[in-house]
Every structure is written in C-alpha cells, then in structure tokens.
C-alpha cells in the first residue's frame, strides 16, 4: 500500500490550485505568505507558476545570487523583446568610447545630456543621436559582442525596441547589466556613473539595500532588469520579462515587485524543507 506523506499531499494541493486558478482569496493579497514548494530555488517554481497564471501571458525570469551561485530560472533562454535594455547598451557603449579618451564627458555637455535623456527618460531622439555617435547598428552590435554579449540582437531604431527584431533573453539581460556594472568593459569612473544613473528605489527591495535597475513598459509587455546590492554581501542579479499579458502595466509591475520580494527574502533566509524527515 502506498503511503501518502505530507509532502505528497501539499504538492498535490499546489498542483490542484494551479489548475483551478486564483480564488477570491487572492483579492486579499494572500501572496504575502510567499508561496513555496520544497524546491530550493531562489524563487520556487510554484511561485513562477502562480504569477504566470495570474498574468495570463508569458513570464521569463533569471535570478542569480552571485555570492553562492544559487539561482532561479523560468524560461531564461527564450527570446524576449529588448525593450528598455536598448538605451542601457547605447549609453554603456558611449561610455566605453569616453574611457578610450575620444570625447570630453561631463554634466552640461551635449553627449552627457543625451545619455541622461536616453537612459532616464526614454528619449528616442536622444537614442538616435547616440546610435549615430557610436557608428550605427553594425558598429553597436560588434561593440556589444566584444564587450561579452553575443546573444542580444539589435536592429535599426526604425523598429520599436519592443519589436522582436530587437531581442535578448532574461539570462543575458541580467548578465549584460552586470557586465557593464562590474566587468572590465567600463572604467571604474564610468561604472560608478552608470550605477548612479540607474540607482533608485525599487519595489520589493528591502530597506537599506540598493538597486541599479531598468524598467520599461509598452502595450502588454513589461520588464525589470536589476542588480540588487544587499549590505556587506555580493549582489543579486534579476531579470524578468512579461510579454503578451492580458493585464495592465500596474498589475504587471506588482508581479515584478513580488518576484523581487521573494528573491530578496530567500537570499537572506533560504527556504527549508519542512518534510526532511519523510
């Protein structure tokens, strides 16, 4: 006779809940208890399943604790629109040119102001000027690959950044941001400037932590790509892309915040197996 353990019972209940969808209780913010299965992912698969089901769209996530190597993935290699990652790449490649000594670069000068406008305000005209500055799409793609990102594809700015002609993966997006913030691509001065531009309060990040993050929205798509810095600890990399969702952007960004909250909580307090004796 097969013995049904508590683990089997809870797993079966989770699967049943995933099939029937959210109940009225979800209106009371029941997710505050942080849904978890016994898997030890930084963000458990059960959480991904619930969130994607809520979104009625596609969810692609990559999260990595750079201190321990512990990760969480959900479609991390599927291609997604590049969106707000485009101005990051443009600005970072401009900074690489500045590091090479080709231009003066300081606040109040045209090139500096164009970088701020493209990165912080999503100014398409500024982005076009930066693209011209780095030599066009072919040059930008070559420079990006040389810096270490051979996955991201960039088409001309005549197509929207949310068009799949521009695409990347959640895994690559997280690592591209980290590449520019910590790798050898930029000088310490340029890395500090880029991090300063990107640092702002981020929903889901605990008080006292810092996040250098990009967010973006267009139609039924949203993204968040962040490097999150806990005090006195190596950072957390997190990239989340929501595409084709039958939900508005506010609803989607609430789910981005939930992913951040679960990951940052588990970063400091890893989930335990309550059924270890079975």
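Throughout, read-outs are computed from the coordinates displayed, never taken from laboratory work. Treat the numbers as computed from the prediction; the structure is a model and nothing was measured. Virtual Cβ from ideal backbone geometry, glycine too; neighbours counted across all protein chains shown.
A few points about this structure:
- Cβ crowding within 10 Å averaged over residues, with 257-263, 136-142 ranked highest first: 257-263, 136-142
- The alpha carbon convex hull volume per residue for region 51-160 rounds to 151 Å³.
- For region 122-265, the equivalent ellipsoid derived from the alpha-carbon gyration tensor has semi-axes of 25, 21, 13 Å in decreasing order.
- log10 of Debye I(q)/I(0), alpha-carbon scatterers only, for region 211-272 at 0.21, 0.27, 0.29 Å⁻¹: -0.82, -1.12, -1.22
- With contacts taken as Cα pairs under 8 Å at a separation of at least 6 residues, region 46-140 carries a relative contact order of 19 percent.
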